[in-house]
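Reading through the structure tokens given below for one structure.
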Amino acid sequence: MKILVPQAAGNIIEQLNAHGFEAYVVGGCVRDSLLSRTPEDWDITTSAKPEQVKDIFPRTVDTGIQHGTVTVLCDKTGYEVTTYRIDGEYEDGRHPKSVEFTRNLEEDLKRRDFTINAMAYSDRDGLVDIFDGQKDLEQGIIRCVGNARDRFTEDALRILRAIRFSAQLGFSIEEETRKAITVIAPNMAKVSKERIQVELSKLLVSKHPETIVKVNEWGISPYISGVFHQALKTLSDEENLVRLPDKKHMRWAGILRHQKPEIAVEILRDLKLDNDTISQVKTLVALWDKEIPANKPAIRKVMSGLTPELFHDLLYFQNIFGRKPYLETLKKVEEFADEIIRDKDCIRLKDMAVTGRELIAAGRKPGPEIGEVLDALFEEVLKNPEHNKKDTLMNLAEML
């Protein structure tokens, strides 16, 4: 079994070997390589202690030195080099109280979460697979290393990681691992919302977003939040989630579409999602079941309140989840929207041929009235785009 390790990572391993230390690429990069996927990162594990790694390499950063991790810089790229370690007792269900360095690779690998993530590789020694991770990869199985209850008790976030890997890889979760999830699920209450959100978002943008239902079915969601739990209970047509583009806001809107917009916002804020995603989800949740009439003034009105990208997302969303009688109308809406864009109709207040300054220059008093006049003129332009001419709008303004 040969893995093509990047030259820089290979050089780091060779340098460590030359100084008498063991070293391997480890974890996700080995898993992804065996699956013929492109690894995002190449992490290295070694018998060398952090200070020894720093002595060998001229450019390093102490990214997690208390846990044995030093980042070695090579040609503007950083490679995390972590000392073999044994984790101490986990007191908070998330982090070990202490870390003990070891020179035994097996001790390091057996503290890892799943067999498919507990493999190491070097050109010198080949694949080190003590826990049959390669076999589980071949059979499409997510299985904990050693005792599943122990692994989830150590770090409850691994519960969501198991489901997320299942969704990303299309793998099933081994029975003892699944049973342990349902037993240890209450420990999810100890995990930070930020970490939970990252796992849920990765799950949702995966090839199998419908796997999100397991978070409810296996008793996990009540320990994330009550409102999130209720949202998952009302989820339907989850098999259609995969038809949405794998964009975070589209998939989150897909699972929250039956909620009131303010409830969707509450859930996403609690999970610490970014403001842009929250705003986009709120808009889609509010509008996805509002049928747009197949006439251009109504379409321009909707377009005026959304970015071009979000309007496109809304139509895409409605095509998947809209009522069947509306789908024929929606084809016409899409056709008219294309014509509106092609004809460069004014659908943004900033693109109107008259500005507030010009109204003031023509004698209008500054103040709220200016905004009211501009809004009225904009409504006219949305109905009749041919009226978006300065003279026409100034004449209309005189009558308002």
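Within the accessible surface of the stretch 2-156, defined with a 1.4 Å probe on protein heavy atoms only, the carbon and sulfur portion equals 41 percent. The alpha-carbon of K2 sits under 12 angstrom from the alpha-carbons of these aspartates and glutamates, leaving out residues fewer than 8 places away in its chain: D123, D125. The relative contact order of the chain comes to 8 percent, based on Cα pairs under 8 Å that sit 6 or more residues apart. Using the structure shown, list the pairs from K110/K179; K54/K110; K296/K344 with a Cα-Cα distance above 23 Å, or answer none. From the list (K110/K179; K54/K110; K296/K344), the Cα-Cα distance tops 23 Å for K54/K110. Dipole size of the chain about its Cα centre, with +1 on Lys/Arg Cβ and -1 on Asp/Glu Cβ: approximately 700 debye, rounded to the nearest 20.
Diffusion of the stretch 39-88 by Stokes-Einstein, at 10 °C in a medium of 1.306 mPa s and with Rh set to the Kirkwood radius over alpha-carbon pairs, works out to 145 µm²/s. Quote the Stokes-Einstein diffusion coefficient, in whole µm² s⁻¹, for the stretch 303-379, based on the Kirkwood radius over alpha carbon pairs, a temperature of 25 °C and a viscosity of 0.890 mPa s. Value of D from the Cα-based Kirkwood radius: 165 µm²/s. Put the Cα centre of the stretch 351-400 next to the Cα centre of the stretch 43-75 and the gap is 64 Å. Of all DSSP beta bridges confined to the chain, the antiparallel ones make up roughly 80%.
Pairwise alpha-carbon distances in the stretch 7-121 exceed 26 Å for 16% of all pairs. When Rg and the Kirkwood Rh are both derived from Cα coordinates, the Rg/Rh ratio for the stretch 117-171 amounts to 1.01.
Within the accessible surface of the stretch 210-254, defined with a 1.4 Å probe on protein heavy atoms only, the carbon and sulfur portion equals 44 percent. Surface analysis of the chain yields an accessible area of 49 Å² per residue, using protein heavy atoms and a 1.4 Å probe. Comparing N187, N117, N240 in a Gaussian network model of the chain, where Cα atoms under 10 Å apart are tied by springs, the biggest mean-square fluctuation is seen for N240.
In a Gaussian network model over the chain where Cα atoms closer than 10 Å are linked, find which of G219, G363, G140 has the largest mean-square fluctuation. For the chain, modelled as a Gaussian network with Cα springs under 10 Å, the answer is G363. Look at [x] 25.7; [y] 27.6; [z] 19.4: the one that is mean projected area of the Cα convex hull in nm² derived from this structure is [x].
Using a 1.4 Å probe over the heavy atoms of the protein chains, calculate the carbon and sulfur portion of the accessible area of the stretch 263-386 as a whole percent. Here carbon and sulfur together make up 53 percent of the probe-accessible area. Among D87, D274, the sequence by solvent-accessible area, most first, with a 1.4 Å probe is D274, D87. Taking the Cα atoms of the stretch 255-336, the ratio Rg/Rh between the radius of gyration and the Kirkwood radius comes to 1.00.
Toward the positive end of the charge dipole of the chain, with +1 on the Cβ of Lys and Arg and -1 on the Cβ of Asp and Glu, the farthest Cα among F378, A180, P222 is that of F378.
For K332, the aspartates and glutamates whose Cα comes closer than 14 Å to its Cα, not counting residues fewer than 8 places off in the same chain, are E291.
The values are calculated or read from the model by the stated rules, or taken from the named source; none is laboratory data. Everything numeric in this text was worked out from a predicted model, so none of it was measured. For neighbour counting, all protein chains shown are included, and Cβ atoms are generated from backbone atoms with ideal geometry for every residue, glycine included. Ligands, DNA and RNA are excluded from the accessible area calculation, which covers all protein heavy atoms including side chains. Shrake-Rupley method; radii C 1.70, N 1.55, O 1.52, S 1.80 Å.
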